[in-house]
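Below you'll find the structure, written out as structure tokens, and then a few comments.
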Amino acid sequence: MITVENLTKSFRGTTGPVVALDDVTFDVTAGSIAGVVGPGGSGKSTLARLIALQERPDSGVIRLDGQNTAGLDPRRLRVARSQIGVVPAGDSLIAQRTAAGNIAAPLEQAGVDGPQRRTKVGQLLDLIGLTDKAATYPDALTPGQRRRVAVARALVGEPTVLLADDPTGALDPDGAAGVLTVLDRARAELGATVVLTTTDAGVVRRIADEVAILDHGRIVEHGGLLELIQRPAGQVAAAVLPDIDPAAVSTTGSTGHDRVVDVVLIGFAAVGALLPEAASRFDVAIPVLGGGLTRLGETPVARFRVGVTGARADGAIDWITERGGLVHPVPAGIRGVAA
Ligand code: ADP
Ligand code: MG
């Protein structure tokens, strides 16, 4: 468990202090993957450096498994830091060393002997899916492969926390997907708690269990991803759920539905069957007017705008709600002529 309480951090700028983090509070459940999402300049890298205990906040506290890291003496601080594997942003490999050599470097520094080192490096190359690139130098690896080696290097000390600052930044979609798979394996196979920062909601969709949205140094939303998407007006919902094109409503709306609502459906059963089953049970038509389907991790999730037409339209909507569908009124101003 990582607990971040009231963190504040400013830097001296040319025209006065720059507040990088402003009273940031959130926590990350042990064994989960947490995504800190925000645009450039929102404070992600600053937060990552503070959680990695590389820098100290101006005020506020970071707890690792309940331990307050603020008052640690240098020896204990070293121990605490060794619990956190850091994947730096950007390219960070040693150009003169092979993939295996890069992963071995921190082990050499720690005085781990040759046979143990080779075993560890072999395990990590397997984890990142690059066993066949062990003897390859960074300039002959793709950017995504290089980033995977950087993740392996961050894992050599068997950290309980893996911290990755923008791990998919500047990668193509395949490269990004490969890195995310590796982070997911680090959590699943090594039990690491993963904290990553990103500008990309797609990253959150793909692997995050928990999310914190950072904007101008402030946390605007945080919590479990599946909980947060249930707040229709929330930023997480807006970022990860399929968009609804308002134009779709006004055109179809003119045919006159009894009700027009937005529905969020979570899970295979709901996404696959809830709307057609409601339509047949209540003898109503439920055409989809907009929205679409996505996946959050392994979970299919849909957000649809639907029309509901028939004498028992209200009953059908109540039934959908009872079965776990999240039904929201269409936000004011874009319902068009549907009423
Ligand atoms: P992000 O990683 O989300 O792009 P950063 O944490 O790098 O955001 O930066 C947040 C703000 O703090 C920015 O305005 C940035 O210019 C400023 N900042 C970050 N680090 C420093 C630093 N070492 N010195 C001065 N300003 C900094
Ligand atoms: Mg950054």
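Every read-out reported here was derived from the displayed coordinates using simple, explicitly stated rules and does not represent laboratory data. Note that this is a predicted model, so its numbers are computed, not measured. Reconstructed Cβ throughout: ideal geometry from the backbone, glycine too, with neighbour counts over all protein chains shown.
The calculated Kirkwood hydrodynamic radius for region 147-210 is 11.7 Å, given to one decimal from all distinct C-alpha pairs. Its Kirkwood hydrodynamic radius, worked out from the mean inverse distance over all distinct Cα pairs, puts region 242-334 at 13.2 Å.
Placing +1 on the Cβ of every Lys and Arg and -1 on the Cβ of every Asp and Glu, with no other charges, gives region 187-312 a dipole of roughly 180 debye about its Cα centre. Springs join every pair of Cα atoms under 10 Å in this Gaussian network model of the chain, and among 114, 234, 169 the largest mean-square fluctuation is at 114. Toward the positive end of the charge dipole of the chain, with +1 on the Cβ of Lys and Arg and -1 on the Cβ of Asp and Glu, the farthest Cα among 24, 317, 161 is that of 161.
Determine the relative contact order of region 2-238: mean sequence separation of Cα pairs under 8 Å and six or more apart, normalised by residue count, in whole percent. Relative contact order here is 28 percent.
Within straight-line reach of residue 120, meaning a Cα separation under 20 Å, sit the following lysines at least 8 residues removed in sequence or on another chain: 133. Highest GNM mean-square fluctuation among 293, 125, 241, for the chain modelled with Cα contacts below 10 Å: 293.
For region 81-225, dividing the convex hull volume of the Cα atoms by the residue count gives 113 Å³ per residue.
Quick check on the chain: of the DSSP beta bridges with both residues there, what percent are antiparallel, nearest 5%?
70
Computed over region 242-334, relative contact order equals 41 percent, with contacts defined as Cα pairs under 8 Å that lie 6+ residues apart. Ranking of 44, 120 by neighbouring Cβ atoms within 10 Å, starting from the fewest: 120, 44. Charged neighbours of residue 306, selected by a Cβ distance under 12 Å, balance to +1 (K, R count +1; D, E count -1). Taking the Cα centre of the chain as reference, the dipole from Cβ charges on Lys and Arg (+1) and Asp and Glu (-1) amounts to some 740 debye. Highest mobility in the GNM of the chain, judged by mean-square fluctuation with C-alpha springs under 10 Å and restricted to 207, 229, 286, is found for 286.
Dipole size of region 242-334 about its Cα centre, with +1 on Lys/Arg Cβ and -1 on Asp/Glu Cβ: approximately 60 debye, rounded to the nearest 20.
Note on the chain: Cα-only Rg and Dmax are 23.8, 77 Å. Dividing the convex hull volume of the alpha-carbon atoms in region 178-291 by its residue count gives 143 Å³ per residue.
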